[in-house]
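Undergrad: The structure is given below, and queries will be raised subsequently.
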Amino acid sequence: MDWSERANCREADPDLFFPIGDRGPTLVQIERAKAVCHDCPVLERCLDWALRSGPLEGIWGGTTEGERRALMRRPAPGTDAAAAAA
């Protein structure tokens, strides 16, 4: 069974996970999507997939595209760059 077949979002409206914008009522939509992700049994696998897949629109692994970009900019733990940032 593919990990995505166990995802909480399979039972939700797909439009929920693809908000347009990042202000006003869209913030409520983003929080609702993240709430679906919150206790998802495959949250970490979904986020890992999204990070490895490159720029993706929408909510994946409980994160927005901007949040994933920020995660990608962080130095990996155990690297010289991570030690310098600490």
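Listed here are the residues, each with its yes/no results for (1) without any contact (Cβ under 8 Å) to a residue 24 or more places away in the chain; (2) more than 14 Å from the chain's Cα centre (by Cα).
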position: ALA12; (1), (2): no, yes
position: PHE17; (1), (2): no, no
position: ARG23; (1), (2): yes, yes
position: VAL28; (1), (2): yes, yes
position: LYS34; (1), (2): no, no
position: LEU43; (1), (2): yes, no
position: LEU51; (1), (2): yes, no
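Undergrad: Just the residues that are open to solvent by less than 40 Å² (accessible area, probe 1.4 Å) and either of a type outside the set (Ser, Thr, Tyr) or in contact with a Phe, Trp or Tyr (Cβ under 8 Å, 6 or more places away or on another chain) (or both), please, taken from the stretch 17-33.
TA: Those that are open to solvent by less than 40 Å² (accessible area, probe 1.4 Å) and either of a type outside the set (Ser, Thr, Tyr) or in contact with a Phe, Trp or Tyr (Cβ under 8 Å, 6 or more places away or on another chain) (or both): PHE17, PRO19, ILE30, ALA33.
Undergrad: Select the helices (runs of 4 or more DSSP H) contained entirely in the chain, then report the ones holding at least 1 residues which are at pLDDT below 95, charged (D, E, K, R) and out of contact with any Pro (no Cβ under 9 Å at 6 or more places or on another chain).
TA: It comes to 43-53, 65-73, 80-85.
The values are calculated or read from the model by the stated rules, or taken from the named source; none is laboratory data. In this text the structure is predicted, and so the values were computed from the model without any measurement. No Cβ is skipped: glycine too gets one built from the backbone with ideal geometry, and neighbour counts run over all protein chains shown. The area values use the complete protein model at the heavy-atom level, side chains included, leaving out ligands, DNA and RNA. Shrake-Rupley method; radii C 1.70, N 1.55, O 1.52, S 1.80 Å.
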